[in-house]
Every structure is written in structure tokens, then in C-alpha cells.
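**Student:** After the C-alpha cells below, expect a handful of questions from me.
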Amino acid sequence: MADTVTLVKKLPVLKKRSPTMHKGEAGRLFCLAGSVGMVGAAALASRAALRCGAGLVRVGMPWRLAAVVAGRDPNVMTSALPETEDGTISAMSPAKILKQAEGSDVMLIGPGLSQNPQTVQAVINLLPQVKQKLVIDADGLNAIAHDECAVLKDIDRTKTLPVLTPHPGEMLRLLGKEYDGASLKDGDEHRRQVAVSFAKKHRVVLVLKGYHTIVTDGLRAYINETGNPGMAKAGMGDVLSGAISAFICQGFDAFEAACLGAHVHGLAGDLVCARMGEIGMIATDVMEELPEAARRLQSEKA
């Protein structure tokens, strides 16, 4: 790794809460997620955020799906948004999204949104207007890639850097045609170099998921060592993006929150694996183990 990049090995401290703490101090998250056929992504991300300590979570999604999520999880609030004929968020949504997100500390954009052209346009139009701290995952990343990353330069960085959470396939799309095409699975050193370069160029915190997930802001890098092959299942990324969003809600900066999220997410997966093995574990198992993973991290730092 380049000499200018500091390899971080120590995680931030998860402090015990004050007895007088209220939900506003734990942070408010607006989660823009879900479409017909991918309601689960919204449910996983929003509940994971609550399991990692966010004080309040509101999910913005196509209007026909809002009641589904509300009925599925009474812990989250919902906002019904204008939708396309396909049941995805429409290009007319940004104004309502911004209004519904007022008072939120963090906005998570992407889980299960779809790549419908109207939805892609909605994300591209929305991003420069968001004043909340940002986490961008899944189809939020695909929308950015469709725009050849041009919209990244217009994102508000007043409060903190935006967090991007691609898996290797999404990362290749973000890198675009100029990338040499080498696999992002071929060794940690190459992946680190690619991640650091991208984060530095675009002024983001990048979470490049995979075996030994890499977190970097272009100046620092953290290599996560928790997690296991049983986590190679649909929905795990939604759980991770919710976890990272929750830690930002609680006051950690983007890089710290991404490191914590990656570690706690992987540790939760390891706890599940120890109980039931790798084969049958699913994203909801990991999501429900997040509080215990966070508790163990607190105990280690006590």
C-alpha cells in the first residue's frame, strides 16, 4: 500500500449510553429503499439500523409497498412516494423525499431500488440536493455508475464524506470502461490499491465488500477480519448498509462508522455461524445477532 495511506487497526470505542439519552440523540435515519420484488432489502436495511442503535428509522418507498413494510415491522416509520408503473420510485419523487427526510441526520439510498430508468434519474437528481449525511448502496451505486460517477462531485460534504458500499461487481461498474478489468478478488493488495485510489479521487469513504472487506477514505484504510463464507447470501449487504448508517446516526464520522459497521456485521455473522454453521445462515439471522455483536465490542473496549 502507498506510504501515504495509514493502515488502521484500532476500532472506535462504542461507549455505554447515558441514562438520560433519548431517541433523537441516537440519530434519525431516512432509508430510501425497495421496489416491487425487493421489499426485503428495505426491511433488512431499516431493521439492521435499529438493531445497531439508530433512534428512529423512516423508510421511503413506492406507495403501494409502504403498507407492506409498515405491517411487517412496527418499529419503522414509512413514507409513500410517487411510483412508476413497475412499482419503483419515480423521477417525480425527489421533492417529496427531501420533504419527508427533513429532520433526519442520515440518508441511506439504494437497497432494492431497482435500475428502472426513472428510478435511476430520481437518484441522480436527488443526490446533489441531500443535506443529510449519506450512505449509498446497491442500486444507488448503480445509478451513480450509470452517470459515470459525475454526480459524486456535486454531493454535499459539509458534515462528512459520503459512504459507498459496493460489492466487486458494483465496484467494476463504478470504475467504468477505463479500468483495466483485473479481478477485484485477486488478493488484498490489488483491491486496496483500487479502493484507495477511488476513494481519494472521488472524496468518499469506500467500503469494498468481500473476503477482508476494505474501508478507506483515501488516507486511511481498515481491513476487516470478521465474517465467514456463510455470509455469501442475498441481503447481507442491506444489513451492512443499515449498520453503517446507524453508527453515523450516533455521531461517528463516516470512516469510523464504516469500520464499526463492517466489524460488527462480520462478528454477527461469526456468532451465527458458531451456532448453526455456514450452510443455512441467512441475512435475518445476522441482523438479529447485531446487538450481541455490538455488546461484545463494547465489553472488549470497557
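**Student:** Are there helices (runs of 4 or more DSSP H) fully within the stretch 114-197 with at least 3 residues that are in contact with a Gly (Cβ under 6 Å, 6 or more places away or on another chain) and under 26 Å from GLN100 (Cα atoms)? List them.
**Tutor:** 138-146
**Student:** I'm told VAL272 meets every condition in (1) farther than 28 Å from ALA145 by Cβ; (2) among the β-branched types (Val, Ile, Thr); (3) within 14 Å of the chain's Cα centre (by Cα) except one. Can you identify the failing condition by its number?
**Tutor:** Unmet for VAL272, out of (1) farther than 28 Å from ALA145 by Cβ; (2) among the β-branched types (Val, Ile, Thr); (3) within 14 Å of the chain's Cα centre (by Cα): (3).
**Student:** I'm checking my understanding of the structure. Among residues of the stretch 12-27 that are within 17 Å of PRO291 (Cα to Cα) and of a type in the set (A, V, I, L, M, F, W, C), which one is modelled with the highest pLDDT?
**Tutor:** ALA26
Table: residues versus (1) among the charged types (D, E, K, R); (2) surrounded by 24 or more Cβ atoms within 10 Å (Cβ to Cβ); (3) at pLDDT 95 or above.
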{"residue": "ARG72", "(1), (2), (3)": "yes, no, no"}
{"residue": "ALA80", "(1), (2), (3)": "no, no, yes"}
{"residue": "ILE97", "(1), (2), (3)": "no, no, yes"}
{"residue": "GLY110", "(1), (2), (3)": "no, yes, yes"}
{"residue": "GLN129", "(1), (2), (3)": "no, no, yes"}
{"residue": "ILE144", "(1), (2), (3)": "no, yes, yes"}
{"residue": "ASP154", "(1), (2), (3)": "yes, no, yes"}
{"residue": "LYS177", "(1), (2), (3)": "yes, no, no"}
{"residue": "GLY181", "(1), (2), (3)": "no, no, no"}
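**Student:** Do we have ASP217 as under 18 Å from CYS259 (Cα atoms), acidic (Asp, Glu) and touching a helix residue (DSSP H, G or I) at 6+ places or on another chain (Cβ under 7 Å) here?
**Tutor:** yes
**Student:** Of all residues in the stretch 87-113, which are part of a helix (DSSP H, G or I) and either more than 29 Å from GLU25 (Cα to Cα) or not aliphatic (A, V, I, L, M) (or both)?
**Tutor:** PRO94, LYS96, LYS99, GLN100
**Student:** Among the listed residues THR158, THR165, identify the single one that is of a type in the set (Val, Ile, Thr) and over 19 Å from the mean Cα position of the chain (by Cα).
**Tutor:** Within the list THR158, THR165, the selection yields THR158.
**Student:** Within the group THR216, THR226, which residue is among the polar types (S, T, N, Q), touching a Phe, Trp or Tyr at 6+ places or on another chain (Cβ under 8 Å) and at pLDDT 95 or above?
**Tutor:** THR216
**Student:** Show the residue pairs meeting these rules: Cβ distance below 9 Å; 6+ apart or different chains; first residue within the stretch 65-88 and without any contact (Cβ under 8 Å) to a residue 12 or more places away in the chain and more than 15 Å from ALA49 (Cα to Cα); second residue part of a loop (DSSP other than H, G, I, E, B) and not aromatic (Phe, Trp, Tyr).
**Tutor:** ALA70/VAL76
**Student:** Further question on the same structure: Condition check: surrounded by fewer than 24 Cβ atoms within 10 Å (Cβ to Cβ), part of a helix (DSSP H, G or I) and modelled with pLDDT of 95 or more. Does GLU256 satisfy that?
**Tutor:** Yes, satisfied.
**Student:** Only one of ALA268, ALA257 is in contact with a Phe, Trp or Tyr (Cβ under 6 Å, 6 or more places away or on another chain) and not acidic (Asp, Glu); which?
**Tutor:** Going through ALA268, ALA257 in turn, just one is in contact with a Phe, Trp or Tyr (Cβ under 6 Å, 6 or more places away or on another chain) and not acidic (Asp, Glu): ALA257.
**Student:** Do any residues in the stretch 238-251 that are on the phi < 0 side of the Ramachandran plot have Cβ atoms under 8 Å from those of residues that are hydroxyl-bearing (Ser, Thr, Tyr), where the two are at least six apart or on different chains, and which pairs are they?
**Tutor:** Final answer for the pair search is LEU240/THR165; SER241/THR165; GLY242/SER46; ILE244/THR165; ILE248/THR160.
**Student:** Give me the residue from the stretch 24-42 that is of a type in the set (A, V, I, L, M, F, W, C) and surrounded by fewer than 24 Cβ atoms within 10 Å (Cβ to Cβ) and, out of that set, farthest from ASN75 (Cα to Cα).
**Tutor:** Among residues in the stretch 24-42 that are of a type in the set (A, V, I, L, M, F, W, C) and surrounded by fewer than 24 Cβ atoms within 10 Å (Cβ to Cβ), the one farthest from ASN75 (Cα to Cα) is VAL36.
**Student:** Can you say whether LEU206 is crowded, with 19+ Cβ neighbours inside 10 Å, at pLDDT 95 or above, of a type in the set (A, V, I, L, M) and part of a strand (DSSP E or B), as far as the supplied structure shows?
**Tutor:** Judged against the criteria, LEU206 is a match.
Per-residue answers, yes or no, for (1) of a type in the set (A, V, I, L, M, F, W, C); (2) under 12 Å from CYS52 (Cβ atoms):
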{"site": "ARG220", "(1), (2)": "no, no"}
{"site": "ALA232", "(1), (2)": "yes, no"}
{"site": "SER245", "(1), (2)": "no, yes"}
{"site": "ALA254", "(1), (2)": "yes, no"}
{"site": "GLY269", "(1), (2)": "no, no"}
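**Student:** Only one of (1) touching a Cys at 6+ places or on another chain (Cβ under 9 Å); (2) surrounded by 24 or more Cβ atoms within 10 Å (Cβ to Cβ) fails for GLY237. Which number is that?
**Tutor:** Single failed check for GLY237: (1).
The values are calculated or read from the model by the stated rules, or taken from the named source; none is laboratory data. Model, not experiment: these values are computed from the prediction. Virtual Cβ from ideal backbone geometry, glycine too; neighbours counted across all protein chains shown.
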